[in-house]
Every structure is written in structure tokens, then in C-alpha cells.
Amino acid sequence: MVRLLALMAFLIMGAVASFATHAAGVPKPMVKIEGSGQCIAAAEEMRLNHMNMLGHQRDRSLRQGIRGEKASLIGCVDCHASKSTGSVLGKDGFCESCHAFSAVKVDCWQCHQPKANFKATGTAGAVGAAGAVGAKP
Amino acid sequence: MTEPNDKSRRGFLGAAAVGAAGLGVAAIAPGLHLIEVSQASAPGKGASSKVRWGMLIDTTKCASDCNACVKACNSENGISEVLKDPRQASQWIRKIDLKDAKSGITHSLPMMCQHCEHPPCVDVCPTHASMKRADGIVLVDRHTCIGCRYCMLACPYKARSFVHMTLTEQNPEVPRGQGCVESCTFCVHRVDKGQIPACVEACANAEHNAMLFGDLNDPNSAIAQRIAEVKTTQVRADLKLNVGVRYQGI
Ligand code: SF4
Ligand code: SF4
């Protein structure tokens, strides 16, 4: 019983402590916008809707071949990649900082390139693939 | 999401294409509208069903010691990773040497996704990730691919690869990643800009000129004219998939 009380007290204290942190405010992400120029829409609109804009655009672009629309993930990266890391990821990265704050997992970068103007070498693969091809079918 | 896949359209195109396949330009007479046949898709308009992108590979010009197309493909599409087991390496295009057992005559040729008009990979895909664009280019939509690999089994040309490892070297215009299946895209990101696929360009730069890319539906295109002139072969034509990649000299 004593143990249970102690546990409860501990939990309550924990809750109070965490409430206190929240009251003080979880530090907001430092969204640094280094690129000059205008975004494709107002910041409010982008915060609310960027995922829908990109989600619809990706289907049109991939499935229907409609290119050159306003919303584009490459466009986001070109403007918003950090000047120091070259990427939208990383602790202070444009995408990652905000997504970490809002606890929303972002899967885009498993396939998409988070660095601006990145050029893959492709050479290592060429050697590997050529090796594999060398073993004739 | 639009799927250029419905039965009636397929039937019509299938019939037209069988004619075109057999007779080249002459077959364009009854069903197809010549004037509407256009070259590249206009910006903002998207892929057009009037276009059918295709490739013609002249095996008599392809050199067996040349790998230029494979290298160009790898650097264009960011295939840089080296796998411990080379059998797992992504191959969007591979070089194959053929030898006729009786005559001993040899051929060398590049093999890749044949961009079938009736693609088995699309038929079997449980999530509609495998899809064909209106202009005949067959793609994997990685947003919905679950990596089940049915399409790899269904493809008669062994054209698809599964990405086995985490990737970081993607080119911005060619997203690709672990857990999805991929294959030759005809360099769709270049074609939509009016350019030719990287392999075709590399083959020309290597002065072999064994690859020709263009619109099979446009009777004025170099590829359609060549197909009308010389005997070309669809690999495994017996499967009646009406592939977009044809070979000359095999
Ligand atoms: S060659 Fe294979 S991957 Fe390409 S469209 Fe045909 S079945 Fe699909
Ligand atoms: S691996 Fe992906 S593209 Fe292939 S059949 Fe499965 S879901 Fe479709």
C-alpha cells in the first residue's frame, strides 16, 4: 500500500512537472528561411496545406505526366535547404525541425533527395552493375 | 487517379497497334488520325495518348565490350549503391551477350523494361502502384508500392529490381528508396522536357548509335520510319504484350 501511494505520488509529481514544462512552452522550432524570394503561397496557407498541395501534385505529375506545377518538392528543397548543411533535414533543417516539434513523421526523404542541387555519382553503381552483368546470364 | 487502363480503350489501341506493328506506316490509315499525332507532351498538359514512346535497338551496331548505356543509366538515375550481394543490385538496364548454339553467331544487346502495351506487372499489382502512362511509359508509383514484388515475378523480361538498402544518393528528379520495386522509366523526367533517355544519348556519344528513341505513333519520326523499312523483332512476341522496345538484327 505504501508502495502504491509512493508510486501515485511519483506519477502525480511527474504530471505536474510535465505540465509545468508545457506551461513554460516547448521551445518552438527555429525555422530559418535563408532563401530569398517569395513562397508559392502565404506562410499560413503553406503551414496548413503543404502536404495536400504536394500530395495532389505528385499524383498528377507521376501518373498523368503533368509537369511544372507550382507545388513541387524539388522547389521546396531548392529554396529551403540550409546554407550550412545544404539539406532540409537535420536538427535545424526546415522540414525536420518543424516535423519533430509537431511529432509528424515525414517519409518523403526515404526516396526524395533532401539536399539542394545534389548530383549522384552513379559511378560506384556502374562498377557494381557492370560486375553483375559480367556474370553472363 | 486516372488509370489509362479501361477495357474499351485497350481494345481499340490493341487493334490499332497490331496493325501498326505489322505494317508500319500503311496501317495508320483507317483508325488513327494523322494530324493529331504529336511529338512531345506540352508543358502543363501531361502525357498524351496520341504518343507511344518506344525504342529501337540495332544489335548489329551494339558492341559487346561497351557498357556506356548502363553507366549513363546509373549516373542519370542515381544508382550508386554497391550491395554486398551483387545479385541484389538494381539493374534498370543490363547488357546481354547472346550466342546461337548452332551457327555460333553472337549478338550483344541492352535489355531493360520493354514498356509493354499490356504490361503484366500492372495487371498483377495489388495497389495500382505499377501503372502505365497515357503515352505508354510504364512506371512504379513508389507512394503506393508496398514492395510485394509480384510485378517482378510477372515481368517476362526480368526488368524489375527491388531496392534492398537505405539510399541517400538519389538524384532530385529520380526519387528511389528502400522497400520499393523499380525499373527503367525511359528517363521520363528527361522525356517530359523534350530530351532523349540517357542511355540513347550515351550510345550515340560512344559513336555506336545502336539505340533510337521516339514516338512509334508518329509516322514522321525516325523510329517509325525505320520500323517501316527494316525487319524488327519484339522479344517474346508470342506473349502479345506489344512491347515498346524493338530489336533489329536478332
Ligand atoms: S517489361 Fe516488365 S516491367 Fe516493363 S512493362 Fe513489361 S512487364 Fe512491366
Ligand atoms: S512490388 Fe510494388 S509495384 Fe510491384 S506489384 Fe507489389 S506493390 Fe505493385
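Inter-chain Cβ neighbour count for B:67-78, averaged per residue, equals 5 (cutoff 10 Å, partner chain atoms only).
Only loop residues by DSSP count here, and only those with at most 12 other Cβ atoms within 10 Å; note down the trypsin sites (Lys or Arg not before Pro) in segment B:81-135 that meet that. Intermediate results must be reported in sequence, preceding the final value.
On the way: sites: B:Lys84, B:Arg87, B:Arg94, B:Lys95, B:Lys99, B:Lys102, B:Lys132, B:Arg133; in loops: B:Lys84, B:Lys102, B:Arg133.
For trypsin sites (Lys or Arg not before Pro) across segment B:81-135 that sit outside H, G, I, E and B with at most 12 neighbouring Cβ atoms in 10 Å, the list reads B:Lys84, B:Lys102.
The trypsin sites (Lys or Arg not before Pro) of segment B:159-250 that DSSP puts in a loop, and whose beta carbon has at most 14 other beta carbons within 10 Å, are B:Lys193, B:Lys231, B:Arg236, B:Lys240.
Just tell me how shielded B:90-97 is by partners: mean number of partner chain Cβ atoms within 10 Å of each residue's Cβ, no decimals. Don't skip to the answer; put the middle values down first.
On the way: counts 4, 5, 2, 2, 5, 5, 3, 3.
So the per-residue partner count for this stretch is 4.
Do the alpha carbons of any pairs in B:Lys45/B:Lys158; A:Lys83/B:Lys45; B:Lys61/B:Lys95; B:Lys71/B:Lys240; A:Lys83/B:Lys193; B:Lys132/B:Lys158 sit beyond 24 Å of each other, and which pairs? Working shown, then result.
On the way: B:Lys45/B:Lys158 32 Å; A:Lys83/B:Lys45 35 Å; B:Lys61/B:Lys95 13 Å; B:Lys71/B:Lys240 31 Å; A:Lys83/B:Lys193 29 Å; B:Lys132/B:Lys158 18 Å.
From the list (B:Lys45/B:Lys158; A:Lys83/B:Lys45; B:Lys61/B:Lys95; B:Lys71/B:Lys240; A:Lys83/B:Lys193; B:Lys132/B:Lys158), the Cα-Cα distance tops 24 Å for B:Lys45/B:Lys158; A:Lys83/B:Lys45; B:Lys71/B:Lys240; A:Lys83/B:Lys193.
The trypsin sites (Lys or Arg not before Pro) of segment A:29-79 meeting both criteria, a DSSP state outside H, G, I, E and B (loop) and at most 11 other C-beta atoms within 10 angstrom of the site's C-beta, are A:Lys70. Each label was represented as a point 7 Å from its Cα along the Cα-to-Cβ direction; for B:Lys193 and A:Phe101 these points are 3.4 nm apart. Cα gyration tensor of segment B:43-248, axes a ≥ b ≥ c as square roots of the eigenvalues: rounded (a/c below 1.5), prolate (a/b > b/c) or oblate? Because its axes are fairly even, with a/c under 1.5, segment B:43-248 counts as rounded. Based on C-alpha pairs under 8 angstrom that are at least 6 apart in sequence, segment A:26-110 has a relative contact order of 35 percent.
Here, each number is a calculation from the coordinates, and none is a lab measurement. Just so we're clear, the structure is a prediction, and the values are computed from it rather than from any experiment. Cβ coordinates were reconstructed from backbone atoms using ideal geometry, including for glycine residues, and neighbour counts include every protein chain displayed.
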